[in-house]
Structure formats: C-alpha cells, structure tokens
Amino acid sequence: MNLSNPALFLLILAGIAVATKESAYFRDWHCSLVMNGLRAEGCHHPGGPSRGMASKIDRFAIPRNDVKFIIDNWYLILIAVASGVMLLLPALRGASGGSLSAAAAVHLINREKAVVIDVCEPEEFAAGHVNGAKNLPLSQLEDKLPTTVKNKQLPMVLVCASGARAVRAEATAKKLGYEKAQALAGGMKAWRDAGLPVEKA
C-alpha cells in the first residue's frame with residue numbers, strides 16, 4: 001500500500017477517526033430494556049450481559065440515530081468523499097483519453113526519439129496522423145507491436161482519434177514490456193487543437 005498518496009492517506013485517517021468514534025459510541029452505550037420482568041443494564045461492563053440476555057437486547061434495542069451520527073461527523077465524511085474523488089481522478093482521466101499532453105508528446109518525439117504508434121483504423125490514419133507515426137490498429141497491436149518496435153526501451157506515444165483506444169493500447173503495450181508507452185490525452189483532436197502538424201496518407 002502506497003501511503004505516499006495524499007488522498008489515500010487522508011482516506012485512511014478518516015476511516016481511523018470514524019472507527020474510533022464508533023468504538024467510543026459502543027463503549028459508552030448503556031442498555032436499559034425491560035424484558036420478561038428482567039432489567040438489563042450496563043452493557044459497557046467488561047463481563048457484558050449473558051448470552052441469552054444479549055440475544056434479547058439485540059432483538060429489542062432501539063437503533064442508533066444515523067442522521068445524528070452523520071451531522072456529528074460531517075467533516076470526516078467530507079474528507080472521505082474528497083479523498084475518494086482524488087483517488088478516482090487518475091482513472092477517470094485515463095478513461096477519457098490518457099495523461100500525456102500534446103506538448104509533452106512533442107518533447108518525447110523531438111528530444112527522446114519516441115516512437116509514435118497510431119492505433120486508428122487505416123481509413124482514419126489516412127485522413128490525418130502525427131508526422132512519422134506508424135499505423136497499427138488496436139485489434140492488431142498485440143500481435144504486431146513486437147516486430148514493429150523491437151527496442152522496448154524507447155519512449156512510445158500511442159495515438160487514436162480521441163484518446164480512448166490509445167489508453168487501451170497503452171495497457172497492451174505495457175503488458176508486452178514497453179514500460180515507457182504513454183497514451184496521448186485527447187488523441188488527434190488534441191493534437192490538431194494544439195496547432196501541431198498533421199500528415200495525410
């Protein structure tokens with residue numbers, strides 16, 4: 001577990017705080033039920049009630065006020081929700097089309113000799129692609145990538161129309177050992193919007 005992630009750290013702290021409050025709630029809970037002419041009191045006692053009495057208490061105890069609990073602990077719930085959103089953001093960014101910006105992709109291509117792989121279908125590729133890109137449709141990527149790019153240490157920029165397929169291609173490439181593979185966020189649309197050159201076949 002990577003505790004260096006601030007969102008995860010906050011989520012764990014909120015969980016500990018809620019668990020501590022829950023423990024205090026039950027520790028201070030005093031049962032006062034009249035059943036079969038017997039009075040059960042002091043569930044906080046270390047010995048606790050007998051098994052039979054506990055069963056009766058469980059059946060007839062009044063449920064706690066969950067609304068009051070939420071009001072009393074709103075700040076902990078807010079921290080938990082915010083932390084959850086922070087943890088989900090990377091996944092949501094990936095689902096919407098990668099994390100590599102067009103400017104960062106240009107840097108990799110110009111300075112680090114990155115290989116550009118376009119995973120669009122041939123007709124999409126012909127309509128416009130990054131200069132020097134190689135076309136490997138997503139359906140063929142796993143079979144053809146090892147023979148197309150033999151040096152697995154080179155950075156790799158994966159491109160498609162909007163970025164969604166490139167994210168899937170990134171996962172496939174990394175499974176094949178291309179650890180420096182990255183999906184271009186926004187795909188060719190983002191590339192064009194950035195005013196970068198487009199080549200047509």
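The values are calculated or read from the model by the stated rules, or taken from the named source; none is laboratory data. Note that the coordinates shown come from a computational prediction; the quantities given were computed from them, not determined experimentally. Because the Cβ atoms are built from the backbone with ideal geometry, glycine has one as well, and the counts that use them run over all protein chains shown.
Summary table below
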| item | result |
| --- | --- |
| Residue within the range 75-93 that is within 23 Å of Arg168 (Cβ to Cβ), part of a helix (DSSP H, G or I), modelled with pLDDT under 60 and of a type in the set (Lys, Arg) present | yes |
| Near pairs, Cβ below 6 angstrom, 6+ apart or cross-chain, from the range 105-127 (in contact (Cβ under 8 Å) with a residue 12 or more places away in the chain and closer than 13 Å to Ala166 by Cα) to any residue that is part of a helix (DSSP H, G or I) and of a type in the set (D, E, K, R) | Val119/Arg165 |
| In the range 177-189, the residues that are in contact with a strand residue (DSSP E or B) (Cβ under 8 Å, 6 or more places away or on another chain) and surrounded by fewer than 21 Cβ atoms within 10 Å (Cβ to Cβ) | Lys180 |
| Odd one out for Gly98, checked against (1) modelled with pLDDT of 95 or more; (2) at positive phi | (1) |
